[in-house]
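Trainee: Encoded as structure tokens, here's the structure I'll be asking about.
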Amino acid sequence: MSAFYARKQIEQAIHVEDVSALYDIVGHTPESILEPDAMVAPQAYHSLLEAIAESEWPDLRFHMRVCSGMRCEAFGAFGLAFKSAPTLRHAFQRLSRYTRLHNGVSEFSAVDREAVFCWTHRQPVLPRLGVYLSNEAAMATTLTLCRETTTSDLTPVRVQFTHRRDGSKDALVEHFGIEPVFGAEVDGLQLAIDQVDRPTTIGDAGIWRFFTDHLESLLQAEDPAEPSLETQVVEEVAKLLSGGVPPLAEVAMTLGMGTRTLQRRLSERGTTYQAVVDEARRHLAQQLVGDKRYSLSEIAFLTGFSEQSAFTRAFKRWEELSPRAFRQAGTQASGAR
């Protein structure tokens, strides 16, 4: 993970007498840790947090001081993409994808659940204080960046962590504005739907697309095996089909690019948006028809068709079988095995 995090933690180790020992833990010097591409092993980072925590126990505040002082600009193009997003939802939609540019340990994901937007965090579970503090800092930093783009008093509906921790939690309550829940099934931050869909104070769709396009190029450079543009569009379309076929502009915005840019990039690959939508419907229909929990009328709705008859005609075109015959064929094949 980026040494940037370790450097920020060391800066707030105000109760540690020998700060040089902290640099030794992460294998850096005060000079080398400033290098833009400097990295730190996760285990070393966790040991660093534990060493600093020992100096403050039991009232741990250093990691919350770090998080409250974070700013979008400190994260480079990644942070500027977050800051310029038109809404927090747009920011979160791409955050999970680009986080790995500076944090290869954590995995983030987002989902709407009833009246709240849930942002979850996962990393390998190890029963040690350093991991717990790292997880707390991940959620706290996320909230700080959200507050920078909206209002300084933004308060989540709920904050939860899988771990249980001794020591004072006062600093967490002060930062989040509510008392976190410990011993939950997953680390998470929940915001009200209207909070994530409200326009941000300084969001700019054009600037946001510029920075997300730049981040895409960085990902491709790091991992040429990244999913193709067609695959990304299929995935985004499939998520939105239950509301009808999503407009090209909506999918382009989700992917962090302009409508014309997406059209051009698909054309360069010898395809069109309509062809990709058709492919998304086909893949989703195949999965749902094979699942008996869904009626054919429900599947028609979930794949963006206004009528079951239109869905049936499309399915026959794709598979040369009606949805019912396709389901029966799958059942028979399963029984034969």
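The values are calculated or read from the model by the stated rules, or taken from the named source; none is laboratory data. All of these numbers come straight from a predicted model, not from anything done at the bench. Cβ placement follows ideal geometry from the backbone for every residue including glycine, while neighbour counts extend to all protein chains displayed. For the accessible areas, the whole protein counts, side chains as well, though only heavy atoms, and no ligand, DNA or RNA atoms are used. Shrake-Rupley method; radii C 1.70, N 1.55, O 1.52, S 1.80 Å.
Trainee: Confirm whether Arg209 is at pLDDT below 95, farther than 23 Å from Val66 by Cα, open to solvent by 50 Å² or more (accessible area, probe 1.4 Å) and in contact with a Gly (Cβ under 7 Å, 6 or more places away or on another chain).
Mentor: yes
Trainee: Do any residues in segment 129-158 that are over 15 Å from Ala6 (Cα atoms) have Cβ atoms under 9 Å from those of residues that are surrounded by 21 or more Cβ atoms within 10 Å (Cβ to Cβ) and of a type in the set (Lys, Arg), where the two are at least six apart or on different chains, and which pairs are they?
Mentor: Leu145/Lys83; Glu148/Lys83; Thr149/Lys83
Trainee: I'd like the residue in segment 126-146 that is among the polar types (S, T, N, Q) and within 15 Å of the chain's Cα centre (by Cα) and, out of all such residues, is farthest from Asp59 (Cα to Cα).
Mentor: Thr142
Trainee: Within 18 Å of Arg89 (Cα to Cα) and assigned to a helix (DSSP H, G or I): which single residue out of Arg209, Arg260, Arg265, Arg282 fits that description?
Mentor: Exactly one of Arg209, Arg260, Arg265, Arg282 is within 18 Å of Arg89 (Cα to Cα) and assigned to a helix (DSSP H, G or I), namely Arg209.
Residues are listed down the side, and each one gets a yes or a no for (1) surrounded by 19 or more Cβ atoms within 10 Å (Cβ to Cβ); (2) among the charged types (D, E, K, R):
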site	(1), (2)
His46	yes, no
Leu49	yes, no
Ser55	no, no
Pro58	no, no
Arg65	no, yes
Gly69	no, no
Ala74	no, no
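Trainee: Return a yes/no flag: does segment 163-185 have any residue that is in contact with a Gly (Cβ under 6 Å, 6 or more places away or on another chain) and either open to solvent by 10 Å² or more (accessible area, probe 1.4 Å) or within 17 Å of Ser109 (Cβ to Cβ) (or both).
Mentor: Step one: filter segment 163-185 for residues in contact with a Gly (Cβ under 6 Å, 6 or more places away or on another chain), giving 164.
Narrowing further to those that are either open to solvent by 10 Å² or more (accessible area, probe 1.4 Å) or within 17 Å of Ser109 (Cβ to Cβ) (or both): 164.
Checking segment 163-185: at least one residue is in contact with a Gly (Cβ under 6 Å, 6 or more places away or on another chain) and either open to solvent by 10 Å² or more (accessible area, probe 1.4 Å) or within 17 Å of Ser109 (Cβ to Cβ) (or both).
Trainee: Give segment 296-337 a look and list any residue that's part of a loop (DSSP other than H, G, I, E, B) and either touching a Gly at 6+ places or on another chain (Cβ under 8 Å) or modelled with pLDDT under 85 (or both), or say none.
Mentor: Gly304, Ser306, Arg337
Trainee: Do any residues in segment 1-29 that are charged (D, E, K, R) have Cβ atoms under 8 Å from those of residues that are surrounded by fewer than 20 Cβ atoms within 10 Å (Cβ to Cβ) and not in a helix (DSSP H, G or I), where the two are at least six apart or on different chains, and which pairs are they?
Mentor: From segment 1-29, the pairs are Lys8/Gly69.
Trainee: Oh, and also: Tell me, please, whether a residue that is within 24 Å of the chain's Cα centre (by Cα) and under 13 Å from Leu129 (Cβ atoms) can be found in segment 62-83.
Mentor: yes
Trainee: Take Arg293 and decide whether it is modelled with pLDDT under 90, surrounded by fewer than 12 Cβ atoms within 10 Å (Cβ to Cβ) and not acidic (Asp, Glu).
Mentor: When the stated conditions are applied, Arg293 passes them.
Trainee: A further question follows. Just give me the residues in segment 78-98 being under 23 Å from Thr155 (Cβ atoms), modelled with pLDDT under 80 and crowded, with 17+ Cβ neighbours inside 10 Å, in sequence order.
Mentor: Gln93, Leu95
Trainee: Give just the number: which of (1) in a loop (DSSP other than H, G, I, E, B); (2) under 24 Å from Phe75 (Cβ atoms) does Arg147 not satisfy?
Mentor: (1)
Trainee: Next question. Restrict the check to segment 257-276 and report whether at least one residue is open to solvent by 50 Å² or more (accessible area, probe 1.4 Å), of a type in the set (Gly, Ala, Ser) and touching a Gly at 6+ places or on another chain (Cβ under 6 Å).
Mentor: Within segment 257-276 (the criterion being open to solvent by 50 Å² or more (accessible area, probe 1.4 Å), of a type in the set (Gly, Ala, Ser) and touching a Gly at 6+ places or on another chain (Cβ under 6 Å)), the answer is no, since none of the residues qualifies.
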